[in-house]
1. Of the residues in region 114-161, how many are of a type outside the set (Gly, Ala, Ser) and not in a strand (DSSP E or B)?
2. Give me the pairs, please: first residue somewhere in region 204-216 and modelled with pLDDT under 60, second residue anywhere and surrounded by 10 or more Cβ atoms within 10 Å (Cβ to Cβ), beta-carbon distance under 8 Å, and either six or more positions apart or on two chains.
3. Restricting attention to region 165-172, does a residue exist that is open to solvent by 70 Å² or more (accessible area, probe 1.4 Å) and on the phi > 0 side of the Ramachandran plot?
4. Can you tell me which residues in region 92-103 are hydroxyl-bearing (Ser, Thr, Tyr) and either part of a strand (DSSP E or B) or open to solvent by 50 Å² or more (accessible area, probe 1.4 Å) (or both)?
5. Within region 226-236, can you find the residues that are part of a strand (DSSP E or B), open to solvent by 20 Å² or more (accessible area, probe 1.4 Å) and not basic (Lys, Arg)?
6. Would you confirm whether any residue within region 104-113 is over 30 Å from Thr224 (Cβ atoms) and either polar (S, T, N, Q) or in a strand (DSSP E or B) (or both)?
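The values are calculated or read from the model by the stated rules, or taken from the named source; none is laboratory data. Owing to the predicted nature of the structure, the values given are computational and were not obtained by experimental measurement. When we count neighbours, we look across all protein chains shown, and the Cβ atoms used for this are built from the backbone with ideal geometry, even at glycine. Heavy atoms of the whole protein, side chains included, go into the accessibility calculation; ligands, DNA and RNA do not. Shrake-Rupley method; radii C 1.70, N 1.55, O 1.52, S 1.80 Å.
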Amino acid sequence: MARISTYALDAKPEINDKVIGTDNGIGEAQKTKNYSLREVMALFNERNLVAVADQVIFKFQDDITEGREHGTISLEGGGGHGLPMTDLFDLIVSTKNSGDIIIADYIKTFLSKELIIAEMGNINNFVTCKLVGLDNNFAPGFYKFSFFMNESNGFINKEKHYIIGEFGGQGDKFFEYPQAQASAFWQIQHDLNKKPSVTVSAPFSDEEVVGKVTYIDDNNLTITFNAAFSGKAYLN
């Protein structure tokens with residue numbers, strides 16, 4: 001076999017080009033084989049070996065009759081292949097990613113965050129959601145995610161790998177609150193997970209109405225006015 005250095009240099013590699021390597025698997029050890037760049041890229045992606053700070057990767061496990069595998073996500077009762085993404089409201093998530101790395105502490109940071117769950121290689125199968133519940137006592141090595149759906153498209157596919165990461169595509173968070181009944185005291189649950197700026201307008205008028213805003217916490221506030229009226233509050 002010629003030395004690698006004697007081969008011509010391809011200045012424009014393609015996804016289906018092949019490279020030569022040594023197989024280190026059981027029964028195949030030290031055998032020389034070729035691998036397509038597509039296969040190499042898939043390996044790095046599916047094993048979560050390409051570092052993206054806010055993303056983790058799991059394989060979707062449809063059949064749980066012999067137990068849940070580490071590095072997977074699955075439905076509580078198993079199954080799910082072909083399920084519309086819009087019907088996805090909770091997931092059982094391994095505390096190890098698909099690269100067999102323990103990420104239990106990192107997963108906890110997703111709580112109350114906006115997330116995207118998307119199929120690798122077919123990102124049109126996705127959901128964007130807010131993680132509203134995280135049960136770390138579901139089973140050893142697994143958490144139960146419960147979330148509130150925002151947007152969804154496509155279907156779940158068994159044995160495919162899925163990216164879970166924080167979703168920043170929505171821009172600054174915004175909430176519109178309609179106060180239908182006239183009142184001098186408005187109580188608003190906005191779930192924006194921050195202390196937003198507040199603008200109030202009266203019906204049939206573009207004029208801003210001033211009231212006293214009191215922040216209860218990052219998801220609730222009240223507005224107190226000198227007189228009762230109805231209108232809308234805009235929070236961002």
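1. Going residue by residue through region 114-161, those that are of a type outside the set (Gly, Ala, Ser) are 114-117, 119-120, 122-132, 134-138, 140, 142-145, 147-151, 153, 155-161.
With the extra rule that they be not in a strand (DSSP E or B), the set shrinks to 120, 140, 156-160.
Qualifying residue count, region 114-161: 7.
2. Glu207/Ser201
3. no
4. Restricting attention to region 92-103, the residues satisfying the condition of being hydroxyl-bearing (Ser, Thr, Tyr) are 94-95, 98.
Selection gives Ser94 alone.
5. Pass one, region 226-236, residues part of a strand (DSSP E or B): 226-235.
Retained after the next criterion (residues that are open to solvent by 20 Å² or more (accessible area, probe 1.4 Å)): 226-230, 232, 234.
Scanning region 226-236 gives Asn226, Ala227, Ala228, Phe229, Ser230, Tyr234.
6. Step one: list which residues in region 104-113 are over 30 Å from Thr224 (Cβ atoms), which gives 104-111, 113.
The next check asks that each one be either polar (S, T, N, Q) or in a strand (DSSP E or B) (or both); those that pass are 109.
Yes.
Residue-by-condition table, conditions (1) over 20 Å from Phe89 (Cα atoms); (2) of a type in the set (Gly, Ala, Ser); (3) surrounded by fewer than 16 Cβ atoms within 10 Å (Cβ to Cβ):
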residue: Glu114; (1), (2), (3): no, no, no
residue: Ala118; (1), (2), (3): no, yes, no
residue: Asn125; (1), (2), (3): no, no, no
residue: Gly141; (1), (2), (3): yes, yes, yes
residue: Lys144; (1), (2), (3): no, no, no
residue: Ile163; (1), (2), (3): no, no, no
